[in-house]
Amino acid sequence: MRPHAGEYERDIVGIEGPIWSETLRNITAVQYLAMPRLPALAEVAWTPQSERNWESFRVRIAAHAPRWNYLGVNYYRSPQVPW
C-alpha cells in the first residue's frame, strides 16, 4: 500500500494481519488463512517499499514449500507462486 499524500513510510509504526476466526473450526483452517500471508506481512513490514519486488518474493516464498510440506502445514498454494 502506498502512503497517501502527506503520509510517509517513516511515519508508519507497524502493520497488522488480522484473521477473523469466528468461522474457523481448527488449526488447519487457521494455517490455510495465515500461510503464506504471515511471511508476506513480514516482507511488507521489514522491507522498504522501494526494495520490494514481487518476482523476487514469489521465488523466495516458494522456497518454503518443502519445509511447510514436511511439517504438514496447510497453506494456500497460490497459482501466482512457482511452488
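The values are calculated or read from the model by the stated rules, or taken from the named source; none is laboratory data. Since the structure is predicted, the reported quantities are computational estimates derived from the model, not experimental observations. In this analysis, Cβ positions are derived from the backbone assuming ideal geometry, glycine residues included, and neighbour counts consider all displayed protein chains.
Contact annotation: residue pairs with Cβ atoms under 7 Å, 6 or more positions apart or on different chains, pairing a residue in the stretch 64-81 that is among the charged types (D, E, K, R) with a partner that is assigned to a loop (DSSP other than H, G, I, E, B) and surrounded by 10 or more Cβ atoms within 10 Å (Cβ to Cβ), are R77/W83. Can you tell me which residue in the stretch 1-21 is modelled with the lowest pLDDT, limited to those that are surrounded by 10 or more Cβ atoms within 10 Å (Cβ to Cβ) and among the charged types (D, E, K, R)? Among those residues, the one meeting the criterion is E7.
Looking across L38, L24, one residue alone is surrounded by 12 or more Cβ atoms within 10 Å (Cβ to Cβ), on the phi < 0 side of the Ramachandran plot, outside any helix (DSSP H, G or I) and without any contact (Cβ under 8 Å) to a residue 40 or more places away in the chain. It is L24. When you look at V59, is it under 16 Å from the mean Cα position of the chain (by Cα) and β-branched (V, I, T), yes or no? Judged against the criteria, V59 is a match.
The test for being touching a residue at least 40 places away in the same chain (Cβ under 8 Å) and over 19 Å from W68 (Cβ atoms) does not hold for Q31.
Within the stretch 44-59, if we keep just the residues that are modelled with pLDDT of 95 or more and surrounded by 13 or more Cβ atoms within 10 Å (Cβ to Cβ), the residue that is farthest from V13 (Cα to Cα) turns out to be R58.
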